Amino acid sequence: MISKDGFGNIVALQSDSPLQVGRKHYLSLWNNEDPEGRLWVPDVPPSEVVLDVSKMTLLCDLESSLGCMFRPLPLLVRVIHKSRLRYYGKPDLNIYYPYQAYFEVADQSGTMSLVLWNELCPEWYQRLNVGTVLYLQNYTLKQSYQNRSRPHIDNHRMKSFHSVEICLNPRNPTAVLTVVPAKSVPPQWGLPEVSYQFAIRSELDSMASNSACDVIGLVTFVSRVERIKSKGNTGPEKYWTYRWVHAVDGTSNIPFILEIFASSQPEIFNGLYPMTYLVCTQMRKCQEQDSLPYLTSSCETQIFTTGYHKGQPYVSDPRVKSFIQWTKTLKDSVMLKKTAVGGHYCYPHAPIIFTQSVADGSAQVPLVAANDLKSEMEGLHYREHKRLAIQGQIMAVYYVTLPEETLSDQMVQSVVAESDPPSDQRMVEVTQTLINRETAPSSVQSSPSRRKRKQAKRVMKRCYITRARMQEKRESGHGLTEEERDSETEEVSSLEKRTDQTRASEQLGPPDIPQSEGATGERAVADCDRTSWESSSWPKQRQEVLEYLHPGGVYSESLSQRFRFDDKTLLLQQSNLHAARWTPEQTTDTLSPVTCKGYYKITILGINQQMAIDAAFVPVMSSGDPRSVGLTQDPHDNTLLSCLSAGFICPLADPLSQSEVALPEPEEILATAEELKDTHLVCILDLCHLGGENVEVIITKVYRMTDIALV
C-alpha cells in the first residue's frame, strides 16, 4: 500500500521525467558527469541497523571465489575513494539509466574496486561517500576492467586486489546495500581508517610528475567555467567542464594552480569563490616546459569547500590543523586585495620556444592554416575553449580604452590597493577548526556606505572632437581650428562609408576603432597616430583579402573581477555556465576589473594573405593579475613586439605596494610598432565561445621565426 506522501513523491518524479518515450531521466545541461533532477536521492544520515556479522567474508578471499556457483558471503567494507559518475548512454542503447560509478573499498585484508550500476546510481551515488561503512549482500564478482584510471592508495599501505571487482546490480540479482552509522562501527571490525596524503606548496616542485596528492588552501582566484571536448569519445560529442583555481597555504609565495574538472559535485563546483577553504583529493601533478607545476583533477578527485567540511575524515589530519592555525594570522582586508574571479585564463603558459615536429608537423599548440580559422570559430560550442597557432604578419594595432565610466572608485581602489585601516575582523572559519564548526562562507561584509577613494594613479585622457563640440564652437562664435575642420570632414566621410554595426552594448570598448580610411565610430579620436599603428602596405593588401574576421574584442566575461562579498552572487552567475533553470539577471555596473584600462586590437594577416583576423591583446600589468602566476618575467624593453612575446608590460606593478610603478603609456608602446612591418610571426590564439554570437579571440603570445625550433 502506498502512503499519501509516497504517492506524491512518485508523481513528482514522474513529472520530472522527459516526455520522450524510452527516456526516464534528464542529463545535466552542460556535461554528463553531474547528477540532474529529483531522481537523484540526496545524502541523508543513515538509520540504526542491526547486523549479523558472524558469517562474512574478506576481500582477500574473493579472488578465489570468482566463477563459483554459490553466492558469496556478505561483505563489511569502508569506502576509501569515490569516482565521478560515468554516463555511457547512446541513442540506440536500451538502458533507462546508463550510469556507472567506481568506488574503492577496504577491509582489514586489503582494497578492491566496487562498481555501482544503472538504477542504483540515482538511488545510492550521493549517499555513498568517502568514509562510509557498507554491509553488502547479493553482490556479484567479475573480472576487473583494467583499462581505467585508479586512485593512488600507497598511503594506506594495504594490499590491492586488481583482478576482481565487486558489482552491485539493480537486478539478477538485486544487490542489497546497508549503510552503517559511524557511531555503530566498533573497533573490533578492524576496518581501516581513511588516509590522506596532503602536500604543501613548498614541496610541490620536488614531487615527481604524475604523482598524486591531496591539497588544502585558501582560494584567491576562481576562473570562469569552460568546456573542452573529451578525448577519444566514440559516441555523440561529449564535453568536460572545468575551471582553474588558485589557492594558498602559507608555505610559499606561489599559490597552488589547480585545474578542476567537474567531479559530480555540482553544488560545490559551481559555488567556488575566493576567501573559502578548499580541499581537493587525488590531484595529479603536471609539469610543462617553462611553466610552474600545476595540479589537475583525476576521476577520483573529490572537492570540498566552506560548508561541506563537517564530518569529513580529513579534518583530523595534522596538515589540515596546521593550515587552520596559519589562517588565524590573516586579515581579510589584505587577502581581499589579492582575490579575483572569472576572466580569460589559460594555463600552462605558452613555452619560450615554439617546437614543431619535422616528421608530422605537430606542435605543442595545433598550428592551423589561416583559412581554417573561420570554421574553427563557427564550430565552437558554448564556452568551449581552444588554443590554436597561426602564421602571419601583424598589419595594424589599435589601442582601445575602456569606457571611463567603468573606471569607478571601486576599480581604482582594486587597481591601486590604497592603504585601508587594518581590519580586526577575521574570517569565521579561521577562529574555528573544521571539526567543530561549519558556518556561512564569511562573516565579513563590505560596508554599504563606502568612503570615496582618492584616485592615486593618473588616468590617461584624450581629446575627442565630437559633433556636439563642433556645434558648440560655431554657436559661440569661435571658429574651428584646421585640425578640427579636417577631423569633421574625416568623420562625415567615414560615417557615409560605414557598413557594419558592432555589438557595442555587449563589449567593454567603444563601438569601433579608427580604421585606415578614417574613423568609423561616433567620435573621431584626435592624435590617432598616437593610439594606433598601421603598416604602410596594409591598405593595399586589405583590398586583396578574401575574408576578414572581426570578433567582438573584449567582453565583460574576458576580464577578471576583484572579489567582494557583496557581489558574490553576481560574480558566480557571470563566471559559471548558463544556469539550467531561469534566474533573474543582475546588473554588472559595480564590478571592478583587475588592472585593466584598455586592450590592444591586433590585426593579423595570414601567411597566404587571403585571410585576416582581429584579436585582442590584454597584457598583464600587475602581479595582482591571476595570469601573472607562473609567467616568465624576464625584463624586456617594452616594445610592442617584446610585450606580445612576453605577455606582460615590464615591470609588473605590485597591487599591495604604496609606491607607484612608472609603466609606459600605450602611445609609447605603439611608437615602437614599426618593427612589426614585414615580420613573420607565429601567433598563439585562445578562442572561447561566450554565448550568442560572441566569440572571444585573445592573442597570448607571438613567436619570431628565431623562436621556432624544428625537431
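Might you check whether a residue that is surrounded by fewer than 18 Cβ atoms within 10 Å (Cβ to Cβ) and touching a helix residue (DSSP H, G or I) at 6+ places or on another chain (Cβ under 7 Å) occurs anywhere in the stretch 540-547? Within the stretch 540-547, one or more residues are surrounded by fewer than 18 Cβ atoms within 10 Å (Cβ to Cβ) and touching a helix residue (DSSP H, G or I) at 6+ places or on another chain (Cβ under 7 Å).
Scanning the stretch 316-340 for residues that are closer than 17 Å to Leu278 by Cβ, of a type in the set (Ser, Thr, Tyr) and outside any helix (DSSP H, G or I) yields a count of 1. Count of the stretch 285-297 residues, restricted to those that are closer than 12 Å to Cys213 by Cβ and in contact with a His (Cβ under 9 Å, 6 or more places away or on another chain), is 0. In summary, Asp290 fulfils each of the numbered conditions (1) touching a residue at least 24 places away in the same chain (Cβ under 8 Å); (2) under 30 Å from Gly37 (Cα atoms) with the single exception of condition (2). Residue-level check: of (1) modelled with pLDDT of 95 or more; (2) more than 16 Å from Tyr703 (Cα to Cα); (3) not in a loop (DSSP other than H, G, I, E, B), Val400 misses just (1). Among the residues of the stretch 360-380, those that are among the charged types (D, E, K, R) and part of a helix (DSSP H, G or I) comprise Asp372, Lys374, Glu376, Glu378. Residues in the stretch 94-130 that are assigned to a strand (DSSP E or B), of a type outside the set (Gly, Ala, Ser) and under 13 Å from Val79 (Cα atoms): 10 in all.
A single member of Leu591, Leu577, Leu640 is modelled with pLDDT under 90 and crowded, with 16+ Cβ neighbours inside 10 Å, and it is Leu591.
I'd like the full set of residues that are surrounded by 15 or more Cβ atoms within 10 Å (Cβ to Cβ) and either under 22 Å from Lys142 (Cα atoms) or in contact with a Ser or Thr (Cβ under 7 Å, 6 or more places away or on another chain) (or both), limited to the stretch 25-62. Matches in the stretch 25-62: His25, Trp30, Asn31, Glu33, Asp34, Pro35, Glu36, Met56, Thr57, Leu58, Leu59, Leu62.
Note on the stretch 100-113: residues that are closer than 19 Å to Pro170 by Cβ and surrounded by fewer than 22 Cβ atoms within 10 Å (Cβ to Cβ) amount to 2. In the stretch 63-87, the qualifying residues are those that are touching a residue at least 40 places away in the same chain (Cβ under 8 Å) and among the hydroxyl-bearing types (Ser, Thr, Tyr), and the one that is surrounded by the most Cβ atoms within 10 Å (Cβ to Cβ) is Ser83. Scanning the stretch 549-571 for residues that are farther than 17 Å from Tyr599 by Cβ and out of contact with any helix residue (DSSP H, G or I) (no Cβ under 7 Å at 6 or more places or on another chain) yields a count of 8. Could you tell me whether any residue of the stretch 621-640 is within 20 Å of His385 (Cβ to Cβ) and in a strand (DSSP E or B)? No; the residues of the stretch 621-640 include none that is within 20 Å of His385 (Cβ to Cβ) and in a strand (DSSP E or B). The sole residue among Val44, Val79 that is under 18 Å from Phe161 (Cβ atoms) and within 33 Å of the chain's Cα centre (by Cα) is Val79. Within the stretch 152-209, the set of residues being surrounded by 15 or more Cβ atoms within 10 Å (Cβ to Cβ), assigned to a loop (DSSP other than H, G, I, E, B) and aliphatic (A, V, I, L, M) comprises Ile153, Met158, Ala175, Leu191, Val194, Ala199, Ile200, Leu204, Met207. Can we say Arg150 is on the phi > 0 side of the Ramachandran plot and in the same structural domain as Leu66 (by TED's automatic domain parsing)? Considered against the rule, which asks whether it is on the phi > 0 side of the Ramachandran plot and in the same structural domain as Leu66 (by TED's automatic domain parsing), Arg150 comes out as no.
Between Ile669, Ile613, Ile649, the distinction of being surrounded by 17 or more Cβ atoms within 10 Å (Cβ to Cβ) and in a helix (DSSP H, G or I) belongs to Ile669 only.
Look at (1) in contact (Cβ under 8 Å) with a residue 40 or more places away in the chain; (2) farther than 20 Å from Leu685 by Cα and you find that Gln356 fails only one, number (2). Picking from Tyr308, Tyr273, Tyr277, Tyr314, which residue would you name as being in contact with a His (Cβ under 9 Å, 6 or more places away or on another chain), touching a residue at least 60 places away in the same chain (Cβ under 8 Å) and aromatic (Phe, Trp, Tyr)? Answer to the check: Tyr277. For the stretch 652-662, the tally of residues that are hydrophobic (A, V, I, L, M, F, W, C), surrounded by 18 or more Cβ atoms within 10 Å (Cβ to Cβ) and either assigned to a loop (DSSP other than H, G, I, E, B) or without any contact (Cβ under 8 Å) to a residue 40 or more places away in the chain (or both) stands at 1. Just wondering, is there one or more residues in the stretch 108-123 that are among the acidic types (Asp, Glu), in contact (Cβ under 8 Å) with a residue 40 or more places away in the chain and within 20 Å of Leu59 (Cα to Cα)? There is no residue in the stretch 108-123 that is among the acidic types (Asp, Glu), in contact (Cβ under 8 Å) with a residue 40 or more places away in the chain and within 20 Å of Leu59 (Cα to Cα). Across the stretch 268-318, the qualifying residues are those that are among the charged types (D, E, K, R) and closer than 29 Å to Val365 by Cβ, and the one among them that is surrounded by the fewest Cβ atoms within 10 Å (Cβ to Cβ) is Asp290. Glu259 meets all of the listed conditions (1) at pLDDT 95 or above; (2) assigned to a loop (DSSP other than H, G, I, E, B); (3) of a type in the set (Asp, Glu) but one, namely (2).
The values are calculated or read from the model by the stated rules, or taken from the named source; none is laboratory data. Everything numeric here is computed off the predicted structure, so don't read it as measured data. With ideal geometry, Cβ positions are generated from the backbone for all residues, glycine too; neighbour counts draw on all protein chains shown.
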